[in-house]
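Novice: Structure in structure tokens, see below.
The values are calculated or read from the model by the stated rules, or taken from the named source; none is laboratory data. Quick caveat: nothing in here was measured; it's all calculated off a predicted structure. When we count neighbours, we look across all protein chains shown, and the Cβ atoms used for this are built from the backbone with ideal geometry, even at glycine.
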Amino acid sequence: MSKKLLTITAALLLLLFLAPFAMAEDKNSLTREEKARQRMLKLEAANAFWRLKHSMEKDAFYNTRIRLNVWRGTAIDAGNFDQAQYDEFKKRLYEKSINDSLKCYEEFIFEENFYDANICLQTWRMHSKEIGTYDKDQYEALKERLKQARIEKAARKAEEQKAEGMQP
């Protein structure tokens, strides 16, 4: 029994001694295909980064959000993902959306399209919460303004109907 135990122990020690050399040889010798794949991944990440930057300037929120996620995925695959850079792009994207949402809110209030104004307001609220810039007081003021605009429109409409009913 002890001879068997001694043989097994010797085999395990030999295996433990040789294993690091085998692993080191595998890491150092990337095949031509692996090198080409790595170059391709880096190229894809660079292309996705360019598309993201272009999209930040030209496209709307959802298209740019997709580009941001594609760039993140390709950069992770290529091994050159920068979390700080990702966070900066995400913040810029959401800030742009917040500003656009306030503009569309104002435009739809002016046009008395209250349904769409409310959608813009809710988008503003969600995206400002996402990046930590949400101001509850500002939200409540915008919500109240929307409510008052609806009341004023309904009052004007009632006045118009009353005036039409009184005419001979």
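Novice: Condition check: of a type in the set (D, E, K, R) and surrounded by 14 or more Cβ atoms within 10 Å (Cβ to Cβ). Does R92 satisfy that?
Specialist: Yes: the conditions hold for R92.
Novice: With Y115, Y134 as the choices, which residue is surrounded by fewer than 17 Cβ atoms within 10 Å (Cβ to Cβ), in contact with a Lys or Arg (Cβ under 9 Å, 6 or more places away or on another chain) and on the phi < 0 side of the Ramachandran plot? Please lay out each step first, then the result.
Specialist: Working: Y115 fails: in contact with a Lys or Arg (Cβ under 9 Å, 6 or more places away or on another chain).
Of the residues listed, the single one that is surrounded by fewer than 17 Cβ atoms within 10 Å (Cβ to Cβ), in contact with a Lys or Arg (Cβ under 9 Å, 6 or more places away or on another chain) and on the phi < 0 side of the Ramachandran plot is Y134.
Novice: Oh, and also: Can you find a residue in region 90-99 that is touching a Leu at 6+ places or on another chain (Cβ under 9 Å) and closer than 30 Å to R39 by Cβ?
Specialist: Filtering region 90-99 down to residues touching a Leu at 6+ places or on another chain (Cβ under 9 Å) leaves 90, 93.
From what's left, closer than 30 Å to R39 by Cβ: 90, 93.
Yes, there is a match, as at least one residue in region 90-99 is touching a Leu at 6+ places or on another chain (Cβ under 9 Å) and closer than 30 Å to R39 by Cβ.
Okay, residues lined up against (1) in contact with a helix residue (DSSP H, G or I) (Cβ under 7 Å, 6 or more places away or on another chain); (2) loosely packed, with under 12 Cβ neighbours inside 10 Å:
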| site | (1), (2) |
| --- | --- |
| E34 | no, yes |
| L41 | yes, no |
| A46 | no, no |
| L52 | yes, no |
| S55 | yes, no |
| Y62 | no, yes |
| G79 | no, yes |
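Novice: Hey, can you tell me all the residues within region 46-64 that are out of contact with any Ser or Thr (no Cβ under 6 Å at 6 or more places or on another chain) and small (G, A, S)?
Specialist: A46, A60
Novice: Turning to a different aspect of this structure: Checking the conditions here, which among K143, K153 is in contact with a Leu (Cβ under 8 Å, 6 or more places away or on another chain), surrounded by 11 or more Cβ atoms within 10 Å (Cβ to Cβ) and not aromatic (F, W, Y)?
Specialist: K143
Novice: All but one of (1) out of contact with any helix residue (DSSP H, G or I) (no Cβ under 9 Å at 6 or more places or on another chain); (2) among the acidic types (D, E); (3) modelled with pLDDT of 90 or more hold for D26; state the number of the condition that does not hold.
Specialist: (3)
Novice: Please go through region 111-129 and pick out each residue that is hydrophobic (A, V, I, L, M, F, W, C) and either outside the structural domain of F61 (by TED's automatic domain parsing) or under 12 Å from K153 (Cβ atoms) (or both). Steps first, answer last, please.
Specialist: The initial filter retains those residues of region 111-129 that are hydrophobic (A, V, I, L, M, F, W, C), namely 114, 117, 119-121, 124, 126.
Scanning region 111-129 gives F114, A117.
Novice: Quick check on region 118-131: of everything there that is surrounded by 15 or more Cβ atoms within 10 Å (Cβ to Cβ) and not hydrophobic (A, V, I, L, M, F, W, C), which residue is farthest from D59 (Cα to Cα)?
Specialist: Selected residue: N118.
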